[in-house]
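Trainee: Shown below is the structure under consideration.
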Amino acid sequence: LKVEVRLFGRYRELAEGASIALELPAGSTVADLVSELHRRSPGRLPARPVVVVERRPAADDVALEAGHEIALIPPVAGG
């Protein structure tokens, strides 16, 4: 399963790019994706980053499919 994860804000800066291409096993979930990102870049992401799949926040158990639009959205602070 090939996926491309779009990055925004601080995540884009940390990865030095707008996206990351990953190869995951068939049947992978959002939790599997986050685990792989943590494995590749230890300490660079929070334990539970906000993952958006098909423009909607996704729970850990959401199954990923080739062609899904996936993004990591950093926390936003403001006042």
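The values are calculated or read from the model by the stated rules, or taken from the named source; none is laboratory data. Keep in mind that what you see is a predicted model, and the values were worked out from it rather than measured. Virtual Cβ from ideal backbone geometry, glycine too; neighbours counted across all protein chains shown. We work out accessible area using only protein heavy atoms, side chains counted, and drop any ligands, DNA or RNA first. Shrake-Rupley method; radii C 1.70, N 1.55, O 1.52, S 1.80 Å.
Trainee: If GLY9 passes every condition in (1) touching a Leu at 6+ places or on another chain (Cβ under 7 Å); (2) under 11 Å from LEU72 (Cα atoms) but one, which one does it miss?
Mentor: Failing condition for GLY9: (1).
Trainee: Also, quick follow-up: Would you please name the residue that is modelled with the lowest pLDDT, looking only at residues in the range 32-49 that are outside any loop (DSSP other than H, G, I, E, B) and loosely packed, with under 15 Cβ neighbours inside 10 Å?
Mentor: Among those residues, the one meeting the criterion is ARG40.
Trainee: Between residues in the range 51-67 that are of a type in the set (S, T, N, Q) and residues that are in a strand (DSSP E or B), which pairs lie under 8 Å by C-beta distance while being six or more apart or on different chains?
Mentor: none
Trainee: Quick one: is SER28 of a type in the set (S, T, N, Q), open to solvent by 30 Å² or more (accessible area, probe 1.4 Å) and farther than 22 Å from VAL76 by Cα?
Mentor: Spelling it out, it is not the case that SER28 is of a type in the set (S, T, N, Q), open to solvent by 30 Å² or more (accessible area, probe 1.4 Å) and farther than 22 Å from VAL76 by Cα.
Trainee: Considering only the range 50-68, how many residues are modelled with pLDDT of 95 or more, part of a loop (DSSP other than H, G, I, E, B) and either more than 17 Å from LYS2 (Cα to Cα) or open to solvent by 70 Å² or more (accessible area, probe 1.4 Å) (or both)?
Mentor: Count: 7.
Trainee: Can ARG10 be described as over 16 Å from ALA71 (Cβ atoms) and open to solvent by 30 Å² or more (accessible area, probe 1.4 Å)?
Mentor: no
Trainee: Conditions: (1) open to solvent by less than 30 Å² (accessible area, probe 1.4 Å); (2) out of contact with any His (no Cβ under 7 Å at 6 or more places or on another chain). VAL3 meets all but one. Number of the miss?
Mentor: Only one criterion in (1) open to solvent by less than 30 Å² (accessible area, probe 1.4 Å); (2) out of contact with any His (no Cβ under 7 Å at 6 or more places or on another chain) is unmet by VAL3, namely (2).
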